[in-house]
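Data block below; observations after.
The values are calculated or read from the model by the stated rules, or taken from the named source; none is laboratory data. Being a predicted model, the structure only gives us computed values, none of them experimental. Heads up, the Cβs are rebuilt from the backbone with ideal geometry, glycines too, and the neighbour counts pull from every protein chain shown.
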Amino acid sequence: MKILITGISGATGRIVAMKLLEAGHEVVGIDRRSWPEAPEGLEMHRVDIRSRPAEDVFRTTRPQVVVHMATVTHLVARSEDRYRINLGGTRAVFEHAARYGVEHVVFAGRHTYYGAGPDTPLYHTEDEPPMAMTTFPELADLVAADLYAGSALWRLPEITTTVLRMVYTLGPTGHGTLASFVRGPWVPMVIGFDPLFQFMHERDVARAIELSVRTRLRGVYNVAGPQPVPLSVLIRQTGRRAFWVPEFAFRGAMGRFGLPKLPPGALSHVKHPVVVDDAAFRKATGYEHSVDEVEAMRQYREAFPVVSR
Amino acid sequence: MSLFVSPEVKGRIERLEIPWNRFGVDRYGVSKKHLALGFTAIEPFYRHYFSVKALGVEHVPRHGRCMLVGNHSGGIAIDGAMVIASMFFAKEPPRLAQGMIEKFLNRMPFASMLSSRFGQLTGLPEHAERLLEDERLLMVFPEGAKGTAKLYKDRYSLVRFGTGFVRLAMKTKSPIVPFAFLGGGAAFPTVANAELLGRLVGAPYVPIVPYLVPVPLPVRLEVEYGEPIYFEGTGAESDSVISGYVEEVRTAIATMIERGRERREDFASRTLANLSEGEKRVIGRAVSLEPEPGHGHARATDREGGAS
């Protein structure tokens, strides 16, 4: 099959591309960023997904499947850009897909869609609405992109749409929201809170996407890996140390003392868990994660050891 | 860590039928290490301070989903803690009872973290259903926060029951084991509930006791488990059907409370008969908390008659 991947030059995009090539597919990539050591046989287009040349890629290559991974978080882009990329980009993908006969679109979304709060349940199921928009406005564009992609299920019935709400990734590329959060030697924790964190190895992200393509999955699905672990365990197992901050001082401490910079809304995600139930996805695709939590944390630790001074 | 954990607790933790990961944490964040410390801390209270008497623990199934449903007794969570302790210390093999805690606790530092490590999840229907589907032992107090707010004089009464628990039991096909908890009202004799103070600390209210340091008194506590009750159905029945079932559970609990109360009063009068005059005077002063004689024997049921 011919598969177009948007955001292919990102760490996860590359792994997904390799996995799909390995599975015998023809892969076309779109990204603003370059991928110098892209493998042979991969057709790479350095264009912005929202630009006219991107439409031409759809027109000339005529992919059967699109894997849309060109979304960004608050870590990468400021809010206005983010809205343009996440919403404008997602809209462009679906419009081009409808116009140029794409059969299947896979939207790689995030499990933070559900939001974290003191009264949100563990193990969210796909039918739940997003609940943390008010406390974490930096997530609003991703939530909107998720719902917009989901609306393709009824707007564009001729296209099979898969919306995946994937948990954090953790592995040797060190890419992703969680990996960036625990990158430094000290990881901030709010005194008296130790939420569960759910993550999966990047190899399993690729597996899940490949399976979605293979099974022509239709609908909205949570995707997770091994069982979640408390933040304190994650910090210890990745060789970091917890930096305990009282809640009132949390905002002020972020970005100082070698701690990561976080938007104010992220506080709720350091206090409360976002944990999803991926039983439906496992049942529909036969997916099983291949890397457990111990191994994922070990690989991250080895790829990003803490330099002792 | 192991220095502070009693060997018995350690052995019992190992026998809990909970799937742990390699860090000794289960999928809900329950932690073996925290359970070990928690049960070691609670053991002297369970065995000596309150010398809890647990009756009928054999009615609780050894494995699989089950809902423990009982009355609130005492203004702070002694009842829940001692039910959990009785399932851990008196049940063979031990089981971890998992309660549904008040939402406000999850906003508080430490309370939020510890409740999760001990398996006490926020009181949400999603949590209750998931735990039962996962073959856990769920502990439910259908009286809710109004039940913990009961004053000393109402300690043998039941307030209005919610109905959600019966629907959930039917939907998940879980047996309901009713239990009666006695003595919590005497151990922590609430004379008033301060709502304003509660608002200041982020709780619905703060119970006030008639002595200076608000710690529970060393009163003998009892928990009696009754025979399991099964309801056939889907849980989608009309309210009129469900409320009949709720009443059945409520009556089972009220009957056990009444029986336990007579037992306790018997015990008290026998003990009083053997006391010296001086001891009687001291106790008389403490017992002046008792309600007016006429009120004392109101039946355990029907404090809020509109409940059914």
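The condition of being more than 23 Å from B:Pro189 (Cβ to Cβ), at pLDDT 95 or above, surrounded by fewer than 21 Cβ atoms within 10 Å (Cβ to Cβ) and more than 12 Å from chain A (Cβ to nearest Cβ) does not hold for B:Glu92.
Scan segment A:225-239 and tell me whether some residue there is over 25 Å from B:Ile18 (Cα atoms) and touching a residue at least 60 places away in the same chain (Cβ under 8 Å).
Yes, segment A:225-239 contains a residue that is over 25 Å from B:Ile18 (Cα atoms) and touching a residue at least 60 places away in the same chain (Cβ under 8 Å).
Test B:Phe50 against the stated conditions and say whether it is within 14 Å of another protein chain (Cβ to nearest Cβ) and of a type outside the set (Ser, Thr, Tyr). No; evaluated as a whole, the condition is false for this residue.
Those residues that are buried (at least 19 other Cβ atoms within 10 Å of the Cβ), more than 12 Å from every other protein chain (Cβ to nearest Cβ) and in a helix (DSSP H, G or I), I need them from segment A:258-269; list them, please. Result: A:Gly265, A:Ala266, A:Leu267, A:His269.
Taking segment B:213-272 as the range and being over 17 Å from the mean Cα position of the chain (by Cα) and among the aromatic types (Phe, Trp, Tyr) as the test, the residues that pass are B:Tyr230, B:Phe231, B:Tyr245, B:Phe267. Just for segment B:232-243: of the residues that are without any contact (Cβ under 8 Å) to a residue 60 or more places away in the chain and in a helix (DSSP H, G or I), which one is surrounded by the fewest Cβ atoms within 10 Å (Cβ to Cβ)? Looking at residues that are without any contact (Cβ under 8 Å) to a residue 60 or more places away in the chain and in a helix (DSSP H, G or I), I get B:Ser240. Filtered by the rule that a residue be surrounded by fewer than 20 Cβ atoms within 10 Å (Cβ to Cβ) and among the polar types (S, T, N, Q), segment B:126-177 gives B:Thr163, B:Thr172. For A:Pro188, state whether it is touching a Phe, Trp or Tyr at 6+ places or on another chain (Cβ under 7 Å), over 30 Å from A:Ala149 (Cα atoms) and not hydrophobic (A, V, I, L, M, F, W, C). Considered against the rule, which asks whether it is touching a Phe, Trp or Tyr at 6+ places or on another chain (Cβ under 7 Å), over 30 Å from A:Ala149 (Cα atoms) and not hydrophobic (A, V, I, L, M, F, W, C), A:Pro188 comes out as yes. Inspect all residues belonging to segment A:52-63 and state whether any of them is of a type in the set (D, E, K, R), in a loop (DSSP other than H, G, I, E, B) and within 24 Å of A:Gly109 (Cβ to Cβ). Looking through segment A:52-63, none of the residues is of a type in the set (D, E, K, R), in a loop (DSSP other than H, G, I, E, B) and within 24 Å of A:Gly109 (Cβ to Cβ). If you check A:Val66, A:Val102 for being part of a loop (DSSP other than H, G, I, E, B) and over 15 Å from the mean Cα position of the chain (by Cα), only one passes: A:Val102.
Taking the stated definitions as given, is B:Leu158 over 17 Å from the mean Cα position of the chain (by Cα) and assigned to a loop (DSSP other than H, G, I, E, B)? No, not satisfied. Close contacts from segment B:204-220, counting a first residue that is in contact (Cβ under 8 Å) with a residue 24 or more places away in the chain and a second that is among the charged types (D, E, K, R) and assigned to a loop (DSSP other than H, G, I, E, B), with Cβ to Cβ under 8 Å and a gap of 6+ residues or different chains, come to B:Pro204/B:Glu102.
When segment A:106-152 is filtered for residues that are away from every other protein chain (no Cβ under 14 Å) and of a type in the set (Val, Ile, Thr), the ones remaining, listed by number, are A:Val106, A:Thr112, A:Thr134, A:Val143. Listed by first and then second residue, the pairs with beta-carbon distance under 8 Å, at least 6 apart or on different chains, first residue in segment A:190-204 and more than 7 Å from chain B (Cβ to nearest Cβ) and in a loop (DSSP other than H, G, I, E, B), second surrounded by fewer than 24 Cβ atoms within 10 Å (Cβ to Cβ) and aliphatic (A, V, I, L, M), are A:Pro195/A:Ala116; A:Pro195/A:Val270; A:His201/A:Val291.
It is to be established whether one or more residues within segment A:253-267 are under 22 Å from the mean Cα position of the chain (by Cα) and farther than 21 Å from A:Met189 by Cβ. The answer is no, given that none of the residues of segment A:253-267 is under 22 Å from the mean Cα position of the chain (by Cα) and farther than 21 Å from A:Met189 by Cβ.
As for segment A:171-178, it holds no residue that is within 14 Å of another protein chain (Cβ to nearest Cβ), touching a strand residue (DSSP E or B) at 6+ places or on another chain (Cβ under 8 Å) and not β-branched (Val, Ile, Thr). For A:Val276, the conditions (1) within 14 Å of another protein chain (Cβ to nearest Cβ); (2) within 16 Å of A:Ala179 (Cα to Cα) all hold with the exception of (2). Note on segment A:224-251: among residues that are within 30 Å of A:Ala284 (Cβ to Cβ) and not small (Gly, Ala, Ser), the one that is farthest from the other protein chains (Cβ to nearest Cβ) is A:Leu234.
In a residue-by-residue description of segment A:154-165, the property of being closer than 30 Å to A:Val294 by Cβ, more than 14 Å from chain B (Cβ to nearest Cβ) and in contact with a His (Cβ under 9 Å, 6 or more places away or on another chain) applies to at least one position. In the set (1) touching a Leu at 6+ places or on another chain (Cβ under 9 Å); (2) under 30 Å from A:Ala98 (Cβ atoms), A:Glu158 fails one condition alone, (1). Within segment A:21-32, is even one residue of a type in the set (Gly, Ala, Ser) and not in a loop (DSSP other than H, G, I, E, B)? Within segment A:21-32, one or more residues are of a type in the set (Gly, Ala, Ser) and not in a loop (DSSP other than H, G, I, E, B). Counting only residues that are within 7 Å of chain A (Cβ to nearest Cβ) and closer than 17 Å to B:Lys33 by Cα, segment B:113-122 holds 1 of them.
Quick grid of which residues meet (1) out of contact with any His (no Cβ under 8 Å at 6 or more places or on another chain); (2) at pLDDT 95 or above:
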residue: A:Met1; (1), (2): no, no
residue: A:Trp35; (1), (2): yes, no
residue: A:Ser51; (1), (2): yes, no
residue: A:Pro63; (1), (2): yes, yes
residue: A:Ala70; (1), (2): yes, no
residue: A:Arg78; (1), (2): yes, no
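A:Thr120 meets each of the listed conditions (1) of a type in the set (Val, Ile, Thr); (2) within 30 Å of B:Leu105 (Cβ to Cβ); (3) not in a loop (DSSP other than H, G, I, E, B) apart from (3).
If you go through segment B:70-92 and keep only what is of a type in the set (S, T, N, Q) and outside any helix (DSSP H, G or I), you end up with B:Asn71, B:Ser73.
Filtering segment B:213-270 down to residues that are in contact with a Leu (Cβ under 6 Å, 6 or more places away or on another chain) and of a type in the set (Asp, Glu), which residue is modelled with the lowest pLDDT? Per the stated criteria, the residue is B:Glu222. The C-beta contact set for segment B:18-32 (first residue free of Cβ contacts under 8 Å to residues at least 24 places away in the same chain and more than 7 Å from chain A (Cβ to nearest Cβ), second residue of a type in the set (Val, Ile, Thr) and outside any loop (DSSP other than H, G, I, E, B), distance under 6 angstrom, 6+ apart or interchain) comprises B:Lys32/B:Ile13.
Which members of segment A:270-307 meet the condition of being part of a helix (DSSP H, G or I) and within 20 Å of A:Thr135 (Cβ to Cβ)? Those that are part of a helix (DSSP H, G or I) and within 20 Å of A:Thr135 (Cβ to Cβ): A:Val270, A:Lys271. Only a single item in (1) modelled with pLDDT of 95 or more; (2) over 21 Å from A:Gly115 (Cα atoms) is not met by A:Val167, and it is number (2).
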